[in-house]
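Q: My questions all concern the structure below.
The values are calculated or read from the model by the stated rules, or taken from the named source; none is laboratory data. Treat the numbers as computed from the prediction; the structure is a model and nothing was measured. In this analysis, Cβ positions are derived from the backbone assuming ideal geometry, glycine residues included, and neighbour counts consider all displayed protein chains. Each accessible area value is taken on the protein alone, full model and side chains, heavy atoms only, with ligands, DNA and RNA left out. Shrake-Rupley method; radii C 1.70, N 1.55, O 1.52, S 1.80 Å.
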Amino acid sequence: MITRLFSASLRGIDAHEVEVEVNARGADKPLITIVGLPDAAVRESSQRVISAITASGLYLMDGVKTVNLAPADLKKEGPSFDLPIALAMAAASRGKEIDTAGFCVVGELGLDGAVRPVKGVLPIALEAKRNGRNRLLVPAENAAEAAVIDGIEVHPVKNLRQAWEFISGNEWITPYDLDRAAFFDSHRNHEVDFEEVRGQHQVKRALEVAAAGGHNILLTGPPGTGKSMLAKRLPTIMPEMSEEDAIDTTRIHSVSGLLDARNAFLTVRPFRSPHHTISDVGLLGGGTNPKPGEVSLAHHGVLFLDELPEFRRQTLEVMRQPLEDGHVTVTRAAGTLTFPARFMLVAAMNPCPCGYYGDPKRECRCSPGQIDKYRQRISGPLLDRIDLHVDVPAVDFRELTAKGHGGESSAAIRARVTGARDLQRVRFATGRGVTTNAAMRPKQVREHCDLDAESTSYLEQAMEQMHFSARAHDRILKVARTIADLADSEKVRSPHLLEAIQYRSLDRKLFA
């Protein structure tokens, strides 16, 4: 007898439906064969399944059992096929017909029959909905993650026996009930706020401009001036994520195994801060079985690289493609995968190895050669892709100890940023894939950043005196457009352009 169930396999950040077929026939010796391009974890499932079925008090007929995972040319990875294989084998052994056309089943089994959580449940739920599977059986710990997807019943199961009684029609498992609107509202909380930051008004302004246009930013200053503190608060002034963006980001974290029952869904923008010893694969993604890297985990959020020159130069150079294209393409012998990577890059660095070059109060101990070598670890092409370069000075003692809060709250700044983003959304309503000023293409820059004669003269002088590249020219215009949006100005005026130019002057002062 042949029994069929539907499950799903992950490839990159997407899920693909898999049909689990079990053929049971009598024989003198028990034998289980799994075919359909399984990896080691799937092949080992036979031993877990046998133990779980026995521990659950389900009948398992002796003989040959062939398990086929179709389509046969799709590699099957991980332990998520344990539960569908066990249910199909139990049904085949009993010779019982079960109606499984509307079901999708995933879950790892313990030897005692307990159902354990698995990775990638959110993309699996999206795939089940796309294929018309309106009932999803998942481990109880994964239920909240899957229930975010509307239009599908999510049935949480704790053990194999409960799953068998449900799928055979003897017991009802109440679908997981999730009030999506209330869930989103209750989880949009930030633990930090911009009003906690003392002083640094110019840097706060630069971060507001960066958030409003989706621009990358470099913070340069001596140790202890608050570069990391400011960067960690950037997500709090970015517009709140839409439901679509939240699902898009959560599925990346889901396949990476970074979710749990308490944090089953991302409703605030991610903030990723990898250590400078990270490898190319860790930052960009890849591996034998390609997985998303830090640039993809920061999708729709912030990637913070502290002590930028301490990163290996080769590692920094691999970011040039995602910074330009908003995605990462990983090519391996088995095929090519694309991971989304549209993030804001926030980098921080000291002006020299000791950190006190140019400091009015502390003496720099670095030689000119050491300073030059330190700065040359960052290439010109990478610097050109960072729109704003901002000096972060030490905070004055009186500002640091003044009574009261440090300034505007994140909510007040976020309101202005959201207003500017709304203008951009209307402006680029017909632009393919462009939603922010930072993502404008050359044609759109010419169309939306038209300058008057005075502004053109200022820009020409800046280009000649500071030796800006053509890419930096476009970056200045994009930032000026964002500053104009914050001022609710239809045209880019001279004050907007001059502010944008001063955000590019620092890299020439430091790296000339």
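Q: If you check 345, 388, 382, 337, which single one turns out to be more than 26 Å from residue 471 (Cα to Cα) and either modelled with pLDDT under 90 or in contact with a helix residue (DSSP H, G or I) (Cβ under 8 Å, 6 or more places away or on another chain) (or both)?
A: Selected residue: 337, the only one of 345, 388, 382, 337 that is more than 26 Å from residue 471 (Cα to Cα) and either modelled with pLDDT under 90 or in contact with a helix residue (DSSP H, G or I) (Cβ under 8 Å, 6 or more places away or on another chain) (or both).
Q: Hey, another quick one. So which of 10, 74 is of a type outside the set (Ser, Thr, Tyr), in a strand (DSSP E or B) and within 19 Å of residue 128 (Cα to Cα)?
A: Selected residue: 10, the only one of 10, 74 that is of a type outside the set (Ser, Thr, Tyr), in a strand (DSSP E or B) and within 19 Å of residue 128 (Cα to Cα).
Q: Suppose we keep only residues that are within 26 Å of residue 206 (Cα to Cα) and acidic (Asp, Glu) within segment 234-279. Which one would you say is farthest from the chain's Cα centre (by Cα)?
A: 240
Q: Take residues that are open to solvent by less than 70 Å² (accessible area, probe 1.4 Å) and on the phi < 0 side of the Ramachandran plot and tell me which of the helices (runs of 4 or more DSSP H) falling wholly in segment 318-430 contain 3 or more.
A: 320-325, 368-375, 380-384, 410-427
Q: May I pose another question? For segment 24-38, indicate whether the set of residues that are surrounded by 19 or more Cβ atoms within 10 Å (Cβ to Cβ), part of a helix (DSSP H, G or I) and touching a residue at least 12 places away in the same chain (Cβ under 8 Å) is non-empty.
A: No: segment 24-38 contains no residue that is surrounded by 19 or more Cβ atoms within 10 Å (Cβ to Cβ), part of a helix (DSSP H, G or I) and touching a residue at least 12 places away in the same chain (Cβ under 8 Å).
Q: Hey, does segment 40-58 have a residue that's within 40 Å of the chain's Cα centre (by Cα), under 18 Å from residue 170 (Cα atoms) and open to solvent by 10 Å² or more (accessible area, probe 1.4 Å)?
A: Yes, some residue in segment 40-58 is within 40 Å of the chain's Cα centre (by Cα), under 18 Å from residue 170 (Cα atoms) and open to solvent by 10 Å² or more (accessible area, probe 1.4 Å).
Q: Right, here's the next one. Is at least one residue of segment 432-450 among the basic types (Lys, Arg), crowded, with 18+ Cβ neighbours inside 10 Å and either without any contact (Cβ under 8 Å) to a residue 60 or more places away in the chain or not in a loop (DSSP other than H, G, I, E, B) (or both)?
A: No - not one qualifying residue is present in segment 432-450.
Q: Of all residues in segment 103-113, how many are open to solvent by less than 20 Å² (accessible area, probe 1.4 Å) and under 33 Å from the mean Cα position of the chain (by Cα)?
A: 7
Q: Do we find a residue being in contact with a helix residue (DSSP H, G or I) (Cβ under 7 Å, 6 or more places away or on another chain), open to solvent by 20 Å² or more (accessible area, probe 1.4 Å) and at positive phi anywhere in segment 276-288?
A: Yes, there is a match, as at least one residue in segment 276-288 is in contact with a helix residue (DSSP H, G or I) (Cβ under 7 Å, 6 or more places away or on another chain), open to solvent by 20 Å² or more (accessible area, probe 1.4 Å) and at positive phi.
Q: Taking helices (runs of 4 or more DSSP H) that do not extend beyond segment 159-213, which have at least 3 residues that are more than 28 Å from the chain's Cα centre (by Cα) and in contact (Cβ under 8 Å) with a residue 40 or more places away in the chain?
A: Numbers: elements: 160-167, 180-186, 201-213.
Passing ranges, in order: 160-167.
Q: Hey, can you tell me all the residues within segment 203-260 that are open to solvent by 10 Å² or more (accessible area, probe 1.4 Å) and touching a His at 6+ places or on another chain (Cβ under 6 Å)?
A: 245, 259
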